[in-house]
Structures are given as C-alpha cells and as structure tokens.
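Since every read-out is calculated from the coordinates, none of them should be taken as a lab result. The shown structure was predicted, so the numbers you read here are calculated from the model rather than taken from an experiment. Glycine also receives a Cβ, built like all others from the backbone with ideal geometry; neighbour counts cover every protein chain displayed.
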Amino acid sequence: MTSEPALPGLRYYLPPSGPPEDAEADVVVYGATSGGVTAAVRAARDGLSVVLLVFGDHVGGMTTGGLGTTDVGDARTVGGLARAFYDDVAAAYRAPAPHWDVEAHVGEEVLEGWLAEAGVAVHRRRHLESVRSDGGRLTELRTDDGSTYRAKVYVDASYEGDLLAAAGVTYRLGREASTVHDESVAGVQHSINHQFRYAVDPYVVPGRPSSGLLPGISADPYGTVGDGDRRIQAYNFRLHVTTSAKRLPFPRPDGYDPARYELLRRYVEAGGYELYGRTTRVRGDVHDMNNHGAFSSDHIGANYDWPEAGYARREEIFQDHVRYQAGLLHFLATDPRLPAAVRDDTNAFGLAPGEFADTSHWPAQLYIREARRMVSDYVITQHDATGAARATDPVALASYVMDSHNAKRVLVDGQPRNEGNVQQPLTRPFGVSYRALAPKAGEAPNLLVASAISASHVAFASARMEPVFMMLGEVVGAAAGQAITDKVAVQDIEYAALRRELELGGAILPAGH
C-alpha cells in the first residue's frame, strides 16, 4: 500500500504552512466537521472567543464533502443551527425552506459565512500532536507544526475522536457483543441488503482454492451472530456526479489494477449487475453517488486501522480508498470485458466540474462513518431507539434508522458473502443525552465531544447523521459557555438552564423532561 496520491492534489494530510503560533481563547474546537462549525459558531455568538482548528483546507466535514442528499429522518426533529443551515441553503437556491439537498460548494459558502460573521478564528492545516493536562483538566493542545492552543474548554469535533483519546478519555472501538447492552442487532449480523444474489467463483483460478481468494474477500470466519469484534462499518467517498455534457470522465487513478475488480466482473457475468452506485439528484443535473449493491464504493474491510492510526498510516488507507473507488469507476466505464450496457450506464455520469476543483474534482473528505466512540456515564443504545429507555437530559433528537454498512466480506459455503449491514427502523425519534457528550465523571472536566459521542455501535448508526452532528455541535458550544460562566466542570452544568438556552435557539426537544 502506498501513500502517493492516487489522483493529483488529493491528500488526507496537508503540510502546515506559515510559522507556528501561540493562541489562547475561551474555547478551542478541534475538527471543522459540521458539528465543529456549529460548536464554534454557537460559542462565538454567545460572546466567547473561539479558535477552530481545521485539519485540512475545508470546513463542514461530510456536509460539504460530497454528502449532497441529507440523511434527515424525521424533518420535524431538526432544529437550531442545523435547521438554520438548511434554511440558508434554500435561500442560496432561492427555493422553499428548508432545502435538505446541498451541493458541496453551496454548503461550504454558508458555513464559511457563518464563521466569518461570528468572528471565529479559523486556523487551517492544524493536526493534533499532543495535549497537556493538569489534574485531568486540559491546559494546552499542541499541533504538529509546533503551534500551541490554550482554552478554558475544548471541543473534540473530529469524526475519529482524536482529541478525546489524547486526553485519556475512555472510548470503545468496533461492535459490542449483543450481551453487552442486551441489543438484538449488535455484533456480527446477517446482511440482507447490499448482498450477493448470484453464485460467483471466489478463487483466483476458478475452482481451485489453492490459488487464493480474489481481492476484496477475507479469509476470516463469518463469526457467530451477536458476537462482538473490533471491526467497523465500511468507508467510501460520496461523489458529486453529473449527467451534463460538461461532465468529466471518471479518472484512471495512479496504480490502477483491474484485477481488484475480478469478483465484480464475474458477478456481472452471473447476472448481478446493478448501476455502480445509488445516484440521487441534488440539484439540476448534479447527483450524489453512494454505495449500492453487493460490490460497490464501500471498501469493505479496508478501514480497520483508521481510528487509532497515525497520520502516515491514515494517508495510506485514504489513498487506498481513492485508488479503489476511482479504479472501480474507471473499470466500469472502460473495461472491454464488461457488457457495453454496463460501460454505457457508467459513462452516462461523470465527475461534476463545479466541485472540488483543487482535488481533481474528488472530495477530500473520506466518509468516516464510525471510528472511536466515547464511553461516558450515559451510553446511548438500541433501547433508546426502541423507546425502552429515555434519557432524562435530552439535548437533540435522532430520527434516522440504525444504518450500519457492511463490515467484512468472507466465504460462506464457498460463496462470497457480505456481513454486518443493519437497517433497523426506530420506534420513534429518541433524545440524545447530554451525558453522552461529556466524558464520564472524573475524566477531562473541560472537554466536550460533538461527533464521537458515547453510543453503542448500533445506536451510533442512527445518531451519526450530519443534521444530528450539527445539533450536537450547537449543544456543546452552548454548554461550553455555561461551564465557563458558572465555573464548573462540563459534567456538572445545570441541564434545565442548558435546555432553556437551546430552545431559545430553536432546538426541538421532547416534552416532559
């Protein structure tokens, strides 16, 4: 595996530019995901000085990184800054509000405008190196260019939970066993969706197991349903594609190897072809292309190292995902062994020329669907989603299905089989506990978490949607101000006061608390 760019200009890690800096603020937010932006904006609007540390060059995470068709769930549950964002998108389009579908450049323009208007100090290409603590309390964040940032309250808004890990906060990786929280869809699960429907020979030399398995198939066992492991659901890139005559041909990535897609070629030959990915219209002739089917853009099993990996290893994994997904599209568009109909269907689309111009029209944000998950004094579980448990301190509502993508591809009775997909409906929208955003008592009393929240694997699969992250970002931005004003640990703020402030900002919260 190589860390060299698969496409020109497209990297996970961008080297710092400019001299090191020494900054101090009321609040330092690490990670300019959608939740990181709303945390920074809310805190700044409340009168606090705020520094936002951006890992790369762009703000907004997946909201501006290709995820153009928003996973809303129940639209009535989206309030506060999250709802304001989609209202501002509607205004940009001169369309009725809210407008849930958003082109990347439009979403980024809205968020950049918010940050500038709020007076947030935005520092780009800042990569966490270490932290200093005093009695568990964070006193300094250092980035790998030698810059230092001091704050009264810190926010970890990274998808990976990098800051909470550096601060020594308890976290979990992978899938809990069903016995841990008594969850019926925890751990190893039979996948019905995005599954092979036709028999395919899985060996390099057909009929000869000694020749080895085709690329993309693991020799690992299927496992027992309900067993836990450290595997995580697959990542991909959400592409902006278009049917316009100005569409750009899908590029041939550096290191392209058509042998990676032999399993797909055989599946197509067996009758299993589906259009490469699910394409959903965002606006006009621009579409959001996502994973769909047995063999698609989800690079199953290639991301297990990501959550705890260093930046060099993440770069390798990132480039492997680019090379895999771009190569897949190039294969489907050009390989003469495929039926003409497959090539024609693929070539009806191309990369949108109006997006991601600095990264070969490919998003720079890998879809980190799941990484570390904090373990705090309240762990959101399947029971919250089914209504069997109800948090007494809800600060936002989650309403999307428990949506976890496949985690591995193995052999079952000599045939390839994907494992891990969960599509479990909710009984009703559920409240996300404030305690799921703060470390457990005794850990990091001035750190709040906006993305890598305290939830089981299956519950996180619902709470991980971008509108929810935006709402949680606003919560921690408001809570940071309350902790500073009242001079208390983030675990000890008054819930009733926080709730009042959130509702004044348009938050939608369940009654009776």
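Amide H contacts for Leu239 (H built 1.01 Å from N in the peptide plane; partners 5 or more residues away or on another chain; cut-off under 5 Å): Met289.
Listed values for segment 426-443 are Karplus-derived 3J(HN,Hα) couplings in whole Hz (6.51 cos²θ - 1.76 cosθ + 1.60, θ = phi - 60°), namely 8, 5, 6, x, 10, x, 8, 5, 4, 5, 6, 9, 10, x, 5, 3, x, 10, and x replaces Gly and Pro. Within straight-line reach of Lys440, meaning a Cα separation under 27 Å, sit the following lysines at least 8 residues removed in sequence or on another chain: Lys152, Lys487.
Database remark: amide H of Ala455 closer than 5 angstrom to the amide H of Met374, Ile380 (H placed geometrically; neighbours at sequence offset of 5 or more, or on other chains; Pro and chain starts carry no H). The C-alpha atoms of the chain define a longest principal axis, and helix 34-45 lies at about 20 degrees to it. Electrostatic bookkeeping for Ala483 treats Lys and Arg as +1 and Asp and Glu as -1; over the other residues with beta carbon under 13 Å from its beta carbon, the sum is -3. Taking amide H as placed 1.01 Å from N in the peptide plane, the amide H of Val155 sits under 5 Å from that of Val28, Val29, Tyr30, Leu448, each at least 5 places away or on another chain. The largest-to-smallest principal axis extents of the Cα set in segment 1-69 are 45, 38, 17 Å.
What ranking do 282-295, 327-340 get when scored by the average of other Cβ atoms within 10 Å per residue, highest first?
With the highest mean Cβ count within 10 Å placed first, the list reads 282-295, 327-340.
Does segment 64-203 come out rounded, prolate or oblate, given a ≥ b ≥ c as the square roots of the eigenvalues of its C-alpha gyration tensor, rounded meaning a/c under 1.5 and, failing that, prolate meaning a/b above b/c? Because a/c hits 1.5 or more and a/b fails to exceed b/c, segment 64-203 counts as oblate.
Restricting to Cα pairs below 8 Å that are 6+ residues apart, what does the relative contact order work out to for segment 403-509? Please round to a whole percent.
21
Selection among Gly481, Val282, Gly216 by position relative to the dipole of the chain gives Gly216 as farthest towards the positive end (Cβ unit charges, Cα centre). Here the residues Phe196, Phe55, Phe356, ranked from fewest to most Cβ neighbours within 10 Å of their Cβ, fall in the order Phe196, Phe356, Phe55. When you work out D = kT/(6 pi eta Rh) for segment 276-407 at 10 °C and 1.306 mPa s, using the Kirkwood radius from C-alpha pairs as Rh and the Stokes-Einstein form, the result is 88 µm²/s.
Taking Cβ atoms as reference points and 13 Å as the exclusive limit, the residues near Ser218 contribute a net charge of +1, counting Lys and Arg as +1 and Asp and Glu as -1.
Extending 7 Å from the Cα toward the beta-carbon at both Arg390 and Arg260 defines two label points whose distance is 4.9 nm. Stretching the chain fully between Ala496 and Ala270 yields a gain of 75.4 nm (0.36 nm per residue, less the alpha carbon separation).
With θ taken as phi - 60° and the Karplus curve 6.51 cos²θ - 1.76 cosθ + 1.60 applied, the whole-hertz 3J(HN,Hα) list for segment 50-55 is 9, 10, 10, 9, 9, 5 Hz, x standing for glycine and proline. Among 140-146, 261-267, 419-425, sorting by the average number of other beta carbon atoms lying within 10 angstrom of each residue, highest first, gives 261-267, 419-425, 140-146.
Charged neighbours of Arg231, selected by a Cβ distance under 12 Å, balance to -3 (K, R count +1; D, E count -1).
With the largest listed first and rounded to whole Å, the semi-axes of the equivalent ellipsoid of segment 395-454 from the Cα gyration tensor are 34, 18, 7. With the Kirkwood sum run over all distinct C-alpha pairs, segment 466-513 has a hydrodynamic radius of 11.2 Å. Fewest neighbouring Cβ atoms within 10 Å first, the residues Arg417, Arg132, Arg435, Arg252 line up as Arg132, Arg252, Arg417, Arg435. Toward the positive end of the charge dipole of the chain, with +1 on the Cβ of Lys and Arg and -1 on the Cβ of Asp and Glu, the farthest Cα among Ile192, Gly119, Pro20 is that of Ile192.
Cα axis of helix 311-334 to longest principal axis of the chain: angle in degrees, 0 to 90, nearest 10? Taking Cα atoms only, the helix is inclined about 40 degrees.
For the chain, what is the relative contact order in percent, using Cα pairs closer than 8 Å and at least 6 residues apart in sequence?
Normalised by residue count, the contact order of the chain is 24 percent.
Taking every alpha-carbon pair within the chain, the share separated by more than 29 Å comes to 49 percent. Using only the alpha-carbon atoms, how far is helix 80-93 inclined from the longest principal axis of the chain? Give it as 0 to 90 degrees, nearest 10. It is inclined by approximately 60 degrees. Segment 282-337 to segment 66-99: how many Å between their Cα centroids? First find each Cα centre; the distance between them is then 27 Å.
By the beta-carbon count within 10 Å of each Cβ, the least crowded to most crowded order of Thr139, Thr279, fewest first, is Thr139, Thr279. Its DSSP H runs of at least 4 residues, each contributing -39,500 (n - 2.57), put the calculated 222 nm mean residue ellipticity of the chain at -8000 deg cm²/dmol, to the nearest 500. Normalised by the number of residues in segment 204-309, the mean separation of alpha-carbon contacts (under 8 Å, six or more apart) gives a relative contact order of 35 percent. 3J(HN,Hα) along segment 151-161, derived from phi through the Karplus expression 6.51 cos²θ - 1.76 cosθ + 1.60 where θ = phi - 60°, amounts to 8, 7, 9, 10, 10, 9, 10, 6, 5, 7, x Hz, with x in place of Gly and Pro. Here the gap between Arg150 and His383, fully extended at 0.36 nm per residue and compared with their Cα-Cα distance, gives a gain of 80.0 nm.
Centre-to-centre, using Cα atoms only, segment 137-215 and segment 414-447 are separated by 12 Å.
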